[in-house]
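These notes are about the structure you will find just below.
The values are calculated or read from the model by the stated rules, or taken from the named source; none is laboratory data. All of these numbers come straight from a predicted model, not from anything done at the bench. Note that we place each Cβ from the backbone using ideal geometry, even for glycine, and neighbour counts take in every protein chain shown. Keep in mind that these areas ignore ligands, DNA and RNA; they rest on the heavy atoms of the full protein, side chains included. Shrake-Rupley method; radii C 1.70, N 1.55, O 1.52, S 1.80 Å.
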Amino acid sequence: AETLYEFGNEDQHSRYIPRVCAGETMSMDLTEPDAGSDLQSVMLKATYDEASQCWRLNGVKRFITNGDSDIHLVLARSEEGTRDGRGLSMFIYDKRNGGVNVRRIENKMGIKGSPTCELVFNNAPAELCGERRLGLIKYVMALMNGARLGIMAQAVGLCEAAWREADKYANERRQFGRAIIEFPAVYEMLALMRARADATRAMLYETARYVDIYKALDDIARERKLTPEERKEQKRYAKLADAFTPMGM
Ligand SMILES: Cc1cc2nc3c(=O)[nH]c(=O)nc-3n(C[C@H](O)[C@H](O)[C@H](O)COP(=O)(O)OP(=O)(O)OC[C@H]3O[C@@H](n4cnc5c(N)ncnc54)[C@H](O)[C@@H]3O)c2cc1C
């Protein structure tokens, strides 16, 4: 929703943001069977349909969190004949219009709270979000900083849970007449785990601060011109966020 808010137009804001605030769900549909890390090779096709005055999406997306969502942001190839990221645009697909089927739900080891779906787009009607050709190079890049923070937070939670489990066991388990935590080799392992978990948490909070600062300045820039100092800050923190969010994963 943040991406729609950042790059959609006023009309799209008024139609979609209230629905999200009322509890409808959104998904970001980027990954495809042959385009994972390498999003430049996304092939899902967007064609402008003159008759119905809207875009039509055709193709497959994979590993989509909440793929059964009400509103989708879809990365698709809108520029015929292109092969790289510059031919990709961002689209909004509204589930109410139909045209997308959930073909498969992944059976995962964790993250059971949200379905991870494979989707088939079959002439699904969609509208352009922002400008053509900026889908990957601008909008997905902006979206990723927020999405990566979520993944980092999951990792911090997993570290914390693993440490608590290990600490509990090492305090309960007794060998040679005492709890195994009292043996230096075991204590050292747990101390290292604790230190790494704390370091990961500190990195998450610091990175979240970088993202917050540049996004707040982006927001202010929509209402008034930034001062030269503010522009400098905005650039500095955006750079820090771009560098730290991938590292945190
Ligand atoms: C639980 C879950 C939820 C997800 N939710 C979404 C979602 O909501 N929306 C969405 O669009 N996608 C989603 N994804 C997909 C996710 O973004 C992709 O899995 C990810 O981009 C990696 O793509 P891939 O799985 O095809 O792996 P690949 O790109 O095939 O990579 C395989 C391995 O090769 C490594 N690798 C690839 N390229 C390089 C390189 N240049 N240098 C070094 N190593 C490399 C990777 O690190 C990885 O270990 C989700 C995935 C999971 C598991």
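Within 10 Å of each candidate Cβ there may be at most 10 other Cβ atoms; applying that plus a DSSP loop requirement, which chymotrypsin sites (Phe, Trp or Tyr not before Pro) in region 171-241 survive?
On the way: sites: F176, Y187, Y205, Y210, Y214, Y237; in loops: F176.
Taking region 171-241 and a limit of 10 other Cβ atoms within 10 Å, the loop chymotrypsin sites (Phe, Trp or Tyr not before Pro) found are F176.
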> For region 70-79, what does the Karplus curve 6.51 cos²θ - 1.76 cosθ + 1.60, with θ = phi - 60°, yield as ³J(HN,Hα) per residue in whole Hz, taken in order and with x for Gly and Pro?
Replying inline: 6, 10, 10, 9, 10, 8, 9, 8, 9, 9
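When only DSSP loop residues count, what trypsin sites (Lys or Arg not before Pro) in region 142-249 have their Cβ near at most 13 other Cβ atoms within 10 Å? Don't skip to the answer; put the middle values down first.
Working: sites: R148, R164, K168, R173, R174, R178, R194, R196, R201, R209, K215, R222, R224, K225, R231, K232, K235, R236, K239; in loops: R173, R224, K225.
Sites meeting the loop and neighbour criteria: R173, R224, K225.
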> What's the tally of Lys pairs in region 137-248 whose alpha-carbon atoms lie under 15 angstrom apart, where the two lysines are 8 or more places apart or on different chains?
Replying inline: 8
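Rounded to the nearest 20 debye, what is the charge dipole size of the chain about its Cα centre when +1 sits on each Lys and Arg Cβ and -1 on each Asp and Glu Cβ? Mind showing how you got there, number by number?
On the way: 37 positive and 37 negative charges, 102 e Å.
Dipole of the chain, to the nearest 20 debye: 480 debye.
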>> Out of the total accessible area of region 7-161 (probe 1.4 Å, heavy atoms of protein only), what percent is carbon and sulfur?
In response: 52 percent
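When the Kirkwood hydrodynamic radius is evaluated over all pairs of different C-alpha atoms of region 2-133, what value in angstrom, to one decimal, is obtained? Display every interim value, and only then the final one.
Values: mean 1/r = 0.0666 Å⁻¹.
Here the Kirkwood hydrodynamic radius works out to 15.0 Å.
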> What length, rounded to one decimal in nm, is gained on full extension from R194 through to A243, with 0.36 nm per residue of separation minus their alpha-carbon distance?
Replying inline: 15.1 nm
> If you keep only loop residues by DSSP, which GluC sites (Glu not before Pro) in region 109-208 have at most 14 other Cβ atoms within 10 Å of their Cβ?
Replying inline: E131
> What ranking of L149, L73 comes out by heavy-atom accessible area, probe 1.4 Å, highest first?
Replying inline: L149, L73
> Any idea what the relative contact order of region 32-72 is, in percent, if you count C-alpha pairs under 8 Å spaced at least 6 apart?
Replying inline: 34 percent
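How high is the FRET efficiency from S37 to R164, r the C-beta distance, R0 30 Å, rounded to 0.05?
Numbers: r = 32 Å, r/R0 = 1.07.
Calculated transfer efficiency: 0.40.
Distances over 23 Å make up what percent of all Cα-Cα pairs in the chain?
Working: 18556 of 30876 pairs.
For the chain, the share of Cα pairs beyond 23 Å comes to 60 percent.
Accessible area per residue for region 2-133 in Å², computed with a 1.4 Å probe and the full protein assembly in place, what is it? Don't jump to the answer; show the numbers that get you there.
Values: 7000 Å² over 132 residues.
Solvent-accessible surface per residue comes out at 53 Å².
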> Expressed as a whole number of Å, what is the distance separating the alpha-carbon centroids of region 63-139 and region 160-186?
Replying inline: 46 Å
> According to a simple spin-label model (label point 7 Å from Cα along Cα-to-Cβ), what is the distance in nm between R104 and S14?
Replying inline: 4.3 nm
